[in-house]
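The values are calculated or read from the model by the stated rules, or taken from the named source; none is laboratory data. It should be emphasised that the depicted structure is a prediction, and the values quoted were computed from it without experimental measurement. Glycine also receives a Cβ, built like all others from the backbone with ideal geometry; neighbour counts cover every protein chain displayed. Surface areas here come from the heavy atoms of the whole protein model, side chains and all, with no ligands, DNA or RNA. Shrake-Rupley method; radii C 1.70, N 1.55, O 1.52, S 1.80 Å.
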Amino acid sequence: MTSAQSPISVRPPAELPRTAGQLRAEGHAPRSVKAEIHDNLLAALRAGENPWPGIVGFSRTVLPQLERALLAGHDVILLGERGQGKTRVLRTLAGLLDEWTPVIEGSELAEHPLAPITPASRRRADELGDALPVRWVHRSARYTEKLATPDTSVGDLIGDVDPVRVAQGRSLGDPETMHYGLVPRAHRGIVAVNELPDLAERIQVALLNVMEERDVQIRGYTLRLPLDVLLVATANPEDYTNRGRIITPLKDRFGAEVRTHYPLDVAAEVDVVKQEARLVAEVGDPLLSVLARFVRNLRGSAVVDQRSGVSARFAVAAAETVAAAALRRSALTGEHPAVARPVDLDAVAGVLRGKVEFEPGEEGRETEHLVHLLRRAVAETASELFAGLDLRPLADAVADGHLVATGERVTGADLLAALPELPVLHEVAQRAGVPADDPAPRIASAVELALESLYLARRVAKDAEGGTTVYGP
């Protein structure tokens with residue numbers, strides 16, 4: 001079992017009730033998990049608040065479907081290719097729970113003090129009455145995540161007989177001989193199962209009673225535990241016929257199946273990268289747009305296996321690689337700040353080749369395809385960025401003998417010094433969002449993108465040798 005989010009370490013407010021009697025006196029009534037989510041989601045929507053912080057590109061497609069499913073009280077499965085943010089969406093569900101919820105102090109399961117479900121907790125409630133101690137659990141501790149693997153057992157998910165308790169003299173039919181698994185321990189919380197089809201079919205069968213009757217069966221013994229859980233899961237469409245599948249009875253018990261997708265446009269792809277990437281150097285919007293278009297080109301390429309998809313994590317990793325290349329170049333040249341330039345894009349194809357699945361028959365040509373699609377992304381980005389801008393003065397300057405070198409040991413100042421003072425350079429920088437008085441590395445990044453676009457349009461030549469690239473006539 002893996003927890004997606006570590007429970008936060010804040011303490012509950014001191015004024016919260018500490019006994020079952022105090023809870024009753026304040027008129028506290030138990031609510032189911034689905035009721036909590038229903039009420040809190042509805043309140044957020046009415047207040048115009050965003051219930052899905054950090055979720056990009058799904059506001060008009062996936063999230064309305066998910067909201068309808070949650071308001072209906074359905075268990076949900078998110079279906080989509082890898083890297084579409086399915087797990088990220090599930091992890092935000094915890095934010096729809098009440099911030100603090102009471103549980104019986106010392107109970108094995110997170111039982112409500114006014115609604116115990118295990119024999120041991122019921123005995124304590126009868127014995128202690130209003131003095132039953134209460135502790136408060138934060139909503140971050142009520143989300144449990146399990147990555148489904150073929151070796152997952154029924155004991156992991158549901159539970160098993162505890163031989164130690166049997167050895168102590170309890171009978172096998174006694175509910176207190178049971179060691180509870182992940183699902184019962186998530187009582188009054190959310191259980192997320194990632195890659196559900198990877199569970200063996202007999203393990204999926206074990207979830208049927210949990211979802212329908214809300215009880216559990218362990219080694220032939222039925223425990224009437226009225227479990228209160230929201231079960232959510234993710235799956236890849238390919239897995240229905242490849243590694244495994246979701247058995248029909250289990251699939252039928254999910255009230256809603258919501259399809260996810262990759263970002264629908266370049267801007268959304270860039271927003272995802274900005275949110276997720278940990279950049280060790282500055283990567284400007286033009287280069288982020290190049291990487292976003294690169295990923296979109298991969299998703300539309302006939303040489304790439306589209307059944308496995310091209311994850312949004314690819315664009316994130318590409319941006320981090322470009323930033324690392326810029327930082328290394330900055331360390332070699334002593335230039336500050338460290339700003340990525342188009343030359344740093346060269347690191348992407350070699351480093352990330354293994355993150356893309358190609359169609360059979362393309363062995364040995366992977367890098368060639370990546371380089372081609374990356375160049376196409378550069379050309380598309382430059383065409384949009386410099387639309388209507390006449391770059392002929394820059395091309396003429398290069399043709400007149402102003403050779404421009406770039407590479408890991410060439411600073412931005414050196415790149416700019418190779419060119420004469422041209423008004424078009426200021427316009428190029430302005431289009432890239434760089435003020436004219438900005439440091440040379442940022443201006444050089446925009447100018448190099450313009451030079452690369454001229455090369456791709458066959459208006460200037462480019463020669464690479466010994467780690468240095470030279471734009472010339």
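Peptides 66-77, 121-132 ranked from most to least packed give 66-77, 121-132, packing being the mean of other C-beta atoms within 10 angstrom over each peptide's residues. Once backbone amide H atoms are built at 1.01 Å from N, Val161 has His179 as its partners under 5 Å, excluding neighbours fewer than 5 places away on the same chain. Per-residue extension of 0.36 nm, minus the Cα-Cα distance of Asp271 and Val371, leaves a gain of 33.6 nm for this segment.
Its residues counted as N, segment 17-101 yields a C-alpha radius of gyration over 2.2 N^0.38 Å of 1.30. Treating the chain as a set of equal point scatterers at the Cα positions, no solvent, please give the Debye-formula log₁₀ I(q)/I(0) at q = 0.05, 0.09 Å⁻¹. Each listed q corresponds, in turn, to -0.29, -0.74. Largest first, the three principal axis extents of the alpha carbons in segment 374-431 are 27, 26, 21 Å in whole numbers.
When the charge dipole of segment 13-143 is built from unit charges on Cβ atoms (+1 for Lys and Arg, -1 for Asp and Glu) and taken about the Cα centre, the candidate among Leu109, His38, Gly83 whose Cα reaches farthest toward its positive end is Gly83. Here the Karplus curve 6.51 cos²θ - 1.76 cosθ + 1.60, taken at θ = phi - 60°, turns the phi angles of segment 382-387 into couplings of 5, 4, 6, 5, 9, 4 Hz, with x standing for Gly and Pro.
Spin-label pair Val10-Ala461: with each label point 7 Å from Cα along the Cα-Cβ axis, the two points sit 6.5 nm from one another. Say the dipole of the chain comes from +1 at the beta carbon of Lys and Arg and -1 at that of Asp and Glu; which of Phe254, Ser140, Val56 then lies farthest toward its positive end? It is Phe254.
Restricting attention to the chain, the count of lysine pairs at 8 or more positions apart or across chains with alpha carbons under 30 Å apart stands at 12. To the nearest 10 square angstrom, what accessible area does Asp390 show with a 1.4 Å probe? Roll a 1.4 Å probe over it and Asp390 shows about 70 Å².
Electrostatic tally near Ala141: other residues with Cβ closer than 14 Å to its Cβ, Lys and Arg +1, Asp and Glu -1, net +4.
For the chain, the Cβ-based charge dipole about the Cα centre amounts to some 1040 debye (Lys, Arg positive; Asp, Glu negative; other atoms uncharged). D by Stokes-Einstein for segment 362-470, Kirkwood Rh over Cα pairs, 10 °C, 1.306 mPa s: 108 µm²/s. The simple spin-label model puts a point 7 Å past each Cα toward its Cβ; for Ala417 and Arg18 those points are separated by 7.2 nm. Using r as the Cβ-Cβ distance of Arg409 and Glu357, and R0 as 41 Å, what FRET efficiency do you calculate, to the nearest 0.05? The computed FRET efficiency comes out at 0.70. What residues from segment 92-135 fall in the zone where the backbone N is under 13 Å from a label point 7 Å along the Cα-to-C-beta line of Ala44? 92-99, by backbone N distance to the label point.
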